[in-house]
1. Please find, among Glu109, Glu72, Glu85, the residue that is in contact with a strand residue (DSSP E or B) (Cβ under 7 Å, 6 or more places away or on another chain), at pLDDT 85 or above and either within 20 Å of Val283 (Cβ to Cβ) or not basic (Lys, Arg) (or both).
2. Consider the stretch 108-154. How many of its residues are aromatic (Phe, Trp, Tyr), under 26 Å from Ser74 (Cβ atoms) and either touching a helix residue (DSSP H, G or I) at 6+ places or on another chain (Cβ under 6 Å) or part of a helix (DSSP H, G or I) (or both)?
3. Take the conditions out of contact with any Lys or Arg (no Cβ under 7 Å at 6 or more places or on another chain), at pLDDT 70 or above and not assigned by TED's automatic domain parsing to the domain that holds Trp302 and apply them to Gly201. Does it pass?
4. If we scan the stretch 248-260, do we find a residue that is part of a helix (DSSP H, G or I) and over 18 Å from His166 (Cβ atoms)?
5. Pairs only if they're at least six apart or on different chains, beta carbon under 8 angstrom, first in the stretch 276-303 and not assigned by TED's automatic domain parsing to the domain that holds Arg243 and exposed (fewer than 15 other Cβ atoms within 10 Å of the Cβ), second in a helix (DSSP H, G or I) and of a type in the set (A, V, I, L, M, F, W, C); list them, first residue then second.
6. Could you identify the single residue in Lys266, Lys285, Lys273 that is over 26 Å from Gly55 (Cβ atoms) and among the basic types (Lys, Arg)?
7. Across the stretch 241-288, what is the total count of residues that are closer than 21 Å to Phe155 by Cα and touching a His at 6+ places or on another chain (Cβ under 9 Å)?
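The values are calculated or read from the model by the stated rules, or taken from the named source; none is laboratory data. All values derive from a computational prediction rather than experimental measurement. Neighbour counts are summed over all protein chains in view; Cβ atoms, including those assigned to glycine, are modelled from backbone coordinates with ideal geometry.
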Amino acid sequence: MKIIKPSIRHWIVGVGAWGVFIFVAPIVGIYIWEERFYWIAVLCFLFGIYRIIVGVKKGVNNQIIFQATGIECSFGKEDLSIRWEDIEAIQVIDQSYEKLIMIYTDQEEIGITHPFFNKKEVLQQLNQYVSPDKFSPQALQPLLQEYYKALNREFANLPQPLKVSHLGFEKFFGIVALLGGVGCAALFYFWNNLDTALFFGPLFGGLGLILIIISLGSIEATNQEIKYRSPIRQISMRWEDIRQIYINSDNGLLALVSDEGRLVLKPGSWTGKNKEQILRLLVYKLEILGIEPKESIKISFWYSKMKRT
């Protein structure tokens, strides 16, 4: 039996980097701006702690177990198992917006994200138990055809659009800033320091409200189009109108570009009961389009502009 835990890259980037952040950011900020940075330092520290807790939970609760009879995967609250003899095909996907090792049976499939798990280590174990012909495109083709037919049936007549909302740092940071603004105003008011209360209260409270409003955007998708809705703007794009696809691997961003405009998505920050369905629809539509994604750092600017204008 072999147990594979999340790779060292996850612990460095997902936990260690935030550990450095919660110490370096407050110290540097206080050194430069002195007492004016104290409350911002507290917010930075709390946000860093939140990200560390999320990273640790992912690292502890996720594992893959290779046994003589089959493979078992624990992904947070979800446990999956497949017997070796039931595996029909294995696909390695290295596109930047989707880095997966897909294991297919005639009933289900498991997606193992890399580099969250070490790709080389996982494939090494799979090669010990699965015959080489299962890795060939010929083994995968019939399954993909049936899979696409099933997806087409699933999405052909949706009773209503699939919808997800954002659960990014803006919402968390906005709530913390809003509460901090109210707390600061109340604290300094009771200390008879009205000028300071009138400064810090609106500053953090206003920042919190702005971030919360920004985070209220949602994504809606049907078999014909995909939409972004927020209190300040709406963008819609038909799947057939997409001409180019850009990705930013570091930030998990995906940009769909048509002749009329562009729509930037961040699937990793989506939340809602339709999340799995809308992700399947997104991958299905992009596979049908057959457009090769291009890596670009300018997507981060597009994403920021889209959410703030």
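1. Result: Glu72 is the single residue among Glu109, Glu72, Glu85 that is in contact with a strand residue (DSSP E or B) (Cβ under 7 Å, 6 or more places away or on another chain), at pLDDT 85 or above and either within 20 Å of Val283 (Cβ to Cβ) or not basic (Lys, Arg) (or both).
2. In the first step, residues of the stretch 108-154 are kept if they are aromatic (Phe, Trp, Tyr); the result is 116-117, 129, 135, 147-148.
Within this subset, residues satisfying the condition of being under 26 Å from Ser74 (Cβ atoms) are 116-117, 129, 135, 147.
Next, from what is left, pick out any that are either touching a helix residue (DSSP H, G or I) at 6+ places or on another chain (Cβ under 6 Å) or part of a helix (DSSP H, G or I) (or both): 116, 129, 135, 147.
Residues that pass the stated criteria total 4.
3. Judged against the criteria, Gly201 is not a match.
4. no
5. That search, which allows pairs on different chains as well, returns nothing.
6. Values: Lys266 fails: over 26 Å from Gly55 (Cβ atoms); Lys273 fails: over 26 Å from Gly55 (Cβ atoms).
Selected residue: Lys285, the only one of Lys266, Lys285, Lys273 that is over 26 Å from Gly55 (Cβ atoms) and among the basic types (Lys, Arg).
7. 2
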